[in-house]
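The values are calculated or read from the model by the stated rules, or taken from the named source; none is laboratory data. Note that the structure is predicted; figures quoted are calculated from it, not measured. All Cβ positions, glycine included, derive from the backbone under ideal geometry; neighbour counts span all protein chains shown. All accessible areas refer to the heavy atoms of the entire protein, side chains included, with ligands and DNA or RNA removed. Shrake-Rupley method; radii C 1.70, N 1.55, O 1.52, S 1.80 Å.
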Amino acid sequence: MKILIAQPNRENTLESMRREAGNRPNVDVILFPEGYFQSDKLEVVSQLAKESNIYIVCGYKDENDKDRAFMVNQHGKVLLERAKTPDSLFAPSKIEDEGRKFGYVLCREIFLGLKGLGREPVDIIFNPIGVGMFSEEQFTEWTDEARKIAIEQKAFVIGVSHSDGSYRDCGFSIPIAYGFDQNGKEVLMLKNDMRSVILDTELRAVEYVSVS
């Protein structure tokens, strides 16, 4: 699969998503960060996936400003929609669609993945992240955990944050995008590099396509 991984600024519109979807006709999936859009845009995002013939994977904010997981297929059908959890992964965290098998961990749920994802095989596990890392130590801890999950699950694990903002407005942020293959080998690692990229899971190759 070809997966567009974008690090947009936090925004109240869908401008970045519309632009990326419209410019990438050969992409299968668009991966955006946690909390990228508000709940009133759910139908619009689903329609955009259908019009662009792509899967869209990201997170959104509900009416109470709580983060929720979201994934829609190329026909505009919502495959996954659930709350974020601090304790144990809610179902669904793995789904199958037209022969493709996906996993999903929302932001810090990455640290629940080793125990919470179960043993059902998947091809790709997505990790939409809100804002960037608040320290170099967190960056290392986060990506190390993703690598462990990739090896255990024998799946690609791919994550991305927004390019702006900071954790609880602490004033420090390291925007990231990463990808590990089924053997835990690093295929993509962006740190303070906000370019959009296309990751080809078959070729294990990355194409840099733009600056967000």
Among residues of segment 167-212 being polar (S, T, N, Q) and crowded, with 16+ Cβ neighbours inside 10 Å, the residue nearest to ALA150 (Cα to Cα) is GLN182
Residue set VAL57, VAL44; condition in a helix (DSSP H, G or I) and either surrounded by fewer than 19 Cβ atoms within 10 Å (Cβ to Cβ) or among the hydrophobic types (A, V, I, L, M, F, W, C) (or both); output residue VAL44
Quick count over segment 60-90, residues being open to solvent by less than 20 Å² (accessible area, probe 1.4 Å), closer than 21 Å to GLY116 by Cα and either of a type in the set (D, E, K, R) or not in a strand (DSSP E or B) (or both), is 2
Within segment 98-129, of all residues that are open to solvent by 10 Å² or more (accessible area, probe 1.4 Å) and touching a residue at least 40 places away in the same chain (Cβ under 8 Å), the one nearest to TYR60 (Cα to Cα) is CYS107
Flagged in segment 143-158 as in contact with a Gly (Cβ under 8 Å, 6 or more places away or on another chain) and open to solvent by less than 70 Å² (accessible area, probe 1.4 Å), in numbering order, are GLU145, ALA146, ILE149, ALA150, GLN153, ALA155, PHE156, VAL157, ILE158
Considering segment 1-41, residues that are aliphatic (A, V, I, L, M) and part of a helix (DSSP H, G or I), and then whichever is farthest from ARG68 (Cα to Cα), we arrive at ALA21
Listed by first then second residue, the pairs whose first member lies in segment 189-211 and is farther than 12 Å from ALA177 by Cβ and touching a residue at least 40 places away in the same chain (Cβ under 8 Å), whose partner is open to solvent by 50 Å² or more (accessible area, probe 1.4 Å) and assigned to a strand (DSSP E or B), with beta carbons under 6 Å and at least 6 positions apart or on separate chains, are ASP200/LYS2
Scanning segment 130-141 residue by residue, those within 16 Å of VAL57 (Cα to Cα) and either in contact with a Lys or Arg (Cβ under 6 Å, 6 or more places away or on another chain) or open to solvent by 80 Å² or more (accessible area, probe 1.4 Å) (or both) turn out to be none
